[in-house]
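Below: one structure, written as structure tokens.
The values are calculated or read from the model by the stated rules, or taken from the named source; none is laboratory data. Quick caveat: nothing in here was measured; it's all calculated off a predicted structure. Cβ: placed from backbone, ideal geometry, glycine included. Neighbour counts: every protein chain shown. Each accessible area value is taken on the protein alone, full model and side chains, heavy atoms only, with ligands, DNA and RNA left out. Shrake-Rupley method; radii C 1.70, N 1.55, O 1.52, S 1.80 Å.
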Amino acid sequence: MAFRKDFVWGAAASAYQIEGAAFEDGKGESIWDVFSHQPGKVFDGHTGDTACGHYHCMEKDVEMMADLGLKAYRFSVSWPRVLPQGIGDVNEAGMHFYERLVDMLLEHGITPYVTLYHWDMPYALYLRGGWMNPESPQWFAEYAALIGRRLKGKVKHFITFNEPQVFIGCSFIQTVHAPGVRMERRECLQMSHNVLLAHGRAVQALRAEVPGVQIGYAPTSNAAVPVSESLQDQEAARQAYFATPGGDDWVWSVAWWSDPVLLGKYPEDGMKILEKDMPHVGGDDMKLISQPIDFYGQNIYRGDPVRMGQDGRPEFLKHPAGGPKTAIGWHVNFDCLYWAVKFLNERYKKPIYITENGMSCHDWLSLDGKVHDSARIDYLHRHLLGLRRAAEEGIDIAGYFQWSLMDNFEWSQGYSDRFGLVYIDFATLERIPKDSYEWYRETIHMNGENL
Ligand code: PNW
């Protein structure tokens with residue numbers, strides 16, 4: 001069997017992108033609530049105020065997940081929904097929502113994977129400097145302890161951060177995500193260090209609160225895909241994947257965000273490039289950041305072609321003209337999961353989950369009332385073939401979370417890009433399973449033997 005028997009077939013989502021109820025039941029504001037209401041920040045002025053209305057129809061959504069056959073559901077907790085000021089008083093109504101969600105999932109035999117931070121920082125903490133504040137790791141640890149305490153005995157799997165490089169890079173360098181403020185490189189590196197410390201503090205807090213907890217981390221990367229399987233091109237891709245690029249692109253370095261957590265040090269090439277902007281690294285910092293975690297997640301949507309250049313150095317190539325692209329404009333490289341997982345496993349030696357993978361399409365309802373998203377099926381199928389190849393080669397792949405269960409608020413793209421297995425009519429919030437939903441159900445049922 002290619003995929004192990006207990007392979008975790010899942011789907012993922014995040015709080016701000018689906019919940020709505022942004023100003024209800026005592027929830028505090030997040031940086032996304034504020035940002036999406038500023039003119040010109042999000043496509044056509046869309047906001048997550050209502051989103052998919054998941055907060056109000058969670059029970060129905062879980063029934064849908066059960067119908068789909070999901071083994072696991074990865075969701076995030078909205079920090080300001082449970083702690084409106086980020087620290088201090090708990091909003092019991094908000095906490096109760098997640099307790100009910102977890103209970104419902106367990107009743108349906110679906111394992112919850114809880115992400116603590118999927119970008120919606122409490123606005124109150126942002127006003128105190130956000131990740132620039134040296135107290136931010138402590139804030140995050142207190143929040144992690146609260147979630148651990150309230151969900152222990154029910155939730156075993158926690159993920160500290162979703163894509164730290166995106167909430168630093170897109171927010172403070174590209175300024176297209178909340179809070180959308182340009183910061184100096186020195187400041188971005190300081191924030192990144194504080195985020196890594198916050199990860200370490202949260203791991204400690206969760207271990208203290210939750211017996212038998214399994215803790216993971218979910219950064220993202222574009223895979224580096226060798227243009228041929230020659231050993232030279234493979235080596236070029238491996239080097240390119242883990243190299244720290246210069247300029248603002250340091251933030252997309254795979255090694256920058258994962259070497260500290262899994263190897264206990266910043267990558268040397270990166271430290272050289274970033275030398276004059278490096279944050280102060282305290283004596284015990286790296287030990288705190290690198291305390292053991294249980295699994296390694298990676299969100300992967302794309303891969304870039306690499307070959308060994310004439311000069312013996314890796315060289316990124318252009319994507320072929322007219323090659324496949326998704327609606328959001330991302331180039332598709334079907335082999336990205338295979339190569340990413342292979343290289344990550346070699347370097348970090350941890351059980352790997354693909355914590356996100358999926359395709360944006362401009363889906364529409366056909367005359368027959370269905371959504372025939374054959375391109376998405378083909379995308380998922382081919383990416384899973386790559387993952388299967390990795391599994392067949394003996395790489396420890398624990399699970400796969402499709403992004404996303406339903407169409408949702410795609411950050412600065414608003415509702416203009418659809419990633420879901422389930423179509424949402426955003427006027428009525430009606431849910432309509434797409435063809436890919438039926439296909440994924442079959443795939444889960446067959447444990448991938450249909451691929
Ligand atoms: C992820 N990139 O974001 C996020 O975790 C999700 O919330 C989001 O909806 C999903 O992918 C689809 O975009 C990413 O530039 C943002 O490679 C940017 C990149 C990757 C993932």
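The set of residues in the stretch 217-269 being among the β-branched types (Val, Ile, Thr), under 30 Å from Gln204 (Cβ atoms) and more than 16 Å from the ligand (Cβ to nearest atom) consists of Thr244, Val261.
Pairs are defined by a Cβ separation below 7 Å, a sequence spacing of at least 6 or placement on different chains, a first member in the stretch 427-446 that is within 14 Å of Leu405 (Cβ to Cβ) and in a helix (DSSP H, G or I), and a second member that is hydroxyl-bearing (Ser, Thr, Tyr) and open to solvent by 50 Å² or more (accessible area, probe 1.4 Å); no pair meets this definition. With respect to the conditions (1) farther than 22 Å from Asn345 by Cβ; (2) over 16 Å from the mean Cα position of the chain (by Cα); (3) within 15 Å of the ligand (Cβ to nearest atom), Thr428 lacks only one, and its number is (3).
Looking only at the stretch 98-114, decide whether some residue is within 24 Å of Tyr55 (Cα to Cα), touching a residue at least 60 places away in the same chain (Cβ under 8 Å) and of a type in the set (Ser, Thr, Tyr). Yes, the stretch 98-114 contains a residue that is within 24 Å of Tyr55 (Cα to Cα), touching a residue at least 60 places away in the same chain (Cβ under 8 Å) and of a type in the set (Ser, Thr, Tyr).
Going by what's in this entry, would His56 be described as within 16 Å of the ligand (Cβ to nearest atom) and either at pLDDT 95 or above or aliphatic (A, V, I, L, M) (or both)?
On the way: within 16 Å of the ligand (Cβ to nearest atom): no; either at pLDDT 95 or above or aliphatic (A, V, I, L, M) (or both): yes.
So His56 fails the test.
Among Gly40, Gly48, Gly53, Gly69, which is the only one that is small (Gly, Ala, Ser) and open to solvent by 50 Å² or more (accessible area, probe 1.4 Å)? So that I can check it myself, show each step before the final result.
Values: Gly48 fails: open to solvent by 50 Å² or more (accessible area, probe 1.4 Å); Gly53 fails: open to solvent by 50 Å² or more (accessible area, probe 1.4 Å); Gly69 fails: open to solvent by 50 Å² or more (accessible area, probe 1.4 Å).
Unique residue meeting the criteria: Gly40.
Give the stretch 114-128 a look and list any residue that's of a type in the set (A, V, I, L, M), more than 16 Å from the ligand (Cβ to nearest atom) and in a loop (DSSP other than H, G, I, E, B), or say none. So that I can check it myself, show each step before the final result.
Of the residues in the stretch 114-128, the ones of a type in the set (A, V, I, L, M) are 114, 116, 121, 124-125, 127.
From what is left, the residues that are more than 16 Å from the ligand (Cβ to nearest atom) are 124-125, 127.
The one that is of a type in the set (A, V, I, L, M), more than 16 Å from the ligand (Cβ to nearest atom) and in a loop (DSSP other than H, G, I, E, B): Leu127.
Among the residues of the stretch 425-438, which ones are touching a helix residue (DSSP H, G or I) at 6+ places or on another chain (Cβ under 9 Å) and open to solvent by less than 40 Å² (accessible area, probe 1.4 Å)? Lys434, Ser436, Tyr437 - these are the residues of the stretch 425-438 that are touching a helix residue (DSSP H, G or I) at 6+ places or on another chain (Cβ under 9 Å) and open to solvent by less than 40 Å² (accessible area, probe 1.4 Å).
For the stretch 222-235, check the following and say yes or no: at least one residue is under 15 Å from Pro260 (Cβ atoms) and in contact with a helix residue (DSSP H, G or I) (Cβ under 6 Å, 6 or more places away or on another chain). No: the stretch 222-235 contains no residue that is under 15 Å from Pro260 (Cβ atoms) and in contact with a helix residue (DSSP H, G or I) (Cβ under 6 Å, 6 or more places away or on another chain).
Taken as a whole, the structure places Glu315 among residues that are open to solvent by 40 Å² or more (accessible area, probe 1.4 Å), touching a Lys or Arg at 6+ places or on another chain (Cβ under 7 Å) and away from the ligand (no atom under 16 Å from the Cβ). Listed by first and then second residue, the pairs with beta-carbon distance under 8 Å, at least 6 apart or on different chains, first residue in the stretch 146-168 and in contact (Cβ under 8 Å) with a residue 40 or more places away in the chain and open to solvent by 10 Å² or more (accessible area, probe 1.4 Å), second among the hydroxyl-bearing types (Ser, Thr, Tyr) and more than 16 Å from the ligand (Cβ to nearest atom), are Arg150/Tyr98; Lys156/Thr111; His157/Thr111. Checked against (1) buried (at least 19 other Cβ atoms within 10 Å of the Cβ); (2) more than 16 Å from the ligand (Cβ to nearest atom); (3) over 19 Å from the mean Cα position of the chain (by Cα), Asp363 meets all criteria but (2). Taking Ser412, is it farther than 23 Å from His56 by Cα, of a type outside the set (D, E, K, R) and within 15 Å of the ligand (Cβ to nearest atom)? Here the answer is yes, as Ser412 does meet what is asked. For the stretch 30-46, the candidate set comprises residues that are assigned to a loop (DSSP other than H, G, I, E, B) and either under 24 Å from Asn299 (Cβ atoms) or among the small types (Gly, Ala, Ser) (or both); within that set, the residue that is nearest to the chain's Cα centre (by Cα) is Val42. Taken over the stretch 286-312, the criterion of being assigned to a strand (DSSP E or B), open to solvent by 10 Å² or more (accessible area, probe 1.4 Å) and away from the ligand (no atom under 16 Å from the Cβ) is satisfied by Arg307, Met308.
Answer yes if at least one residue in the stretch 371-379 is open to solvent by less than 20 Å² (accessible area, probe 1.4 Å), more than 26 Å from Cys170 (Cβ to Cβ) and part of a loop (DSSP other than H, G, I, E, B), and no otherwise. Taking every residue of the stretch 371-379 in turn, at least one turns out to be open to solvent by less than 20 Å² (accessible area, probe 1.4 Å), more than 26 Å from Cys170 (Cβ to Cβ) and part of a loop (DSSP other than H, G, I, E, B).
I'm trying to understand the selection: among the residues of the stretch 342-360, which are within 16 Å of the ligand (Cβ to nearest atom) and of a type in the set (Ser, Thr, Tyr)? Can you show your working first?
First, pick out the residues of the stretch 342-360 that are within 16 Å of the ligand (Cβ to nearest atom): 344, 353-360.
Within the stretch 342-360, Tyr353, Thr355, Ser360 meet the criteria.
Consider the stretch 73-113. How many of its residues are assigned to a strand (DSSP E or B) and surrounded by 23 or more Cβ atoms within 10 Å (Cβ to Cβ)?
Residues flagged as assigned to a strand (DSSP E or B) and surrounded by 23 or more Cβ atoms within 10 Å (Cβ to Cβ) within the stretch 73-113 amount to 5.
Looking at the stretch 180-197, is at least one residue hydroxyl-bearing (Ser, Thr, Tyr), surrounded by 20 or more Cβ atoms within 10 Å (Cβ to Cβ) and outside any helix (DSSP H, G or I)? Spell out the reasoning first.
Kept after step one, since they are hydroxyl-bearing (Ser, Thr, Tyr), are these residues of the stretch 180-197: 192.
After this cut, where a residue has to be surrounded by 20 or more Cβ atoms within 10 Å (Cβ to Cβ) as well, the list is 192.
Narrowing further to those that are outside any helix (DSSP H, G or I): none.
Scanning the stretch 180-197 turns up no residue that is hydroxyl-bearing (Ser, Thr, Tyr), surrounded by 20 or more Cβ atoms within 10 Å (Cβ to Cβ) and outside any helix (DSSP H, G or I).
Where residues in the stretch 380-409 are closer than 18 Å to Phe334 by Cβ and within 12 Å of the ligand (Cβ to nearest atom), which of them is surrounded by the fewest Cβ atoms within 10 Å (Cβ to Cβ)? Before the answer, list the steps.
Residues of the stretch 380-409 that are closer than 18 Å to Phe334 by Cβ, as a first pass: 380-393, 395, 397, 400, 402-403.
Narrowing the set further to residues that are within 12 Å of the ligand (Cβ to nearest atom) leaves 402-403.
Details: Gln402: 29, Trp403: 23.
Out of the qualifying residues, it is Trp403.
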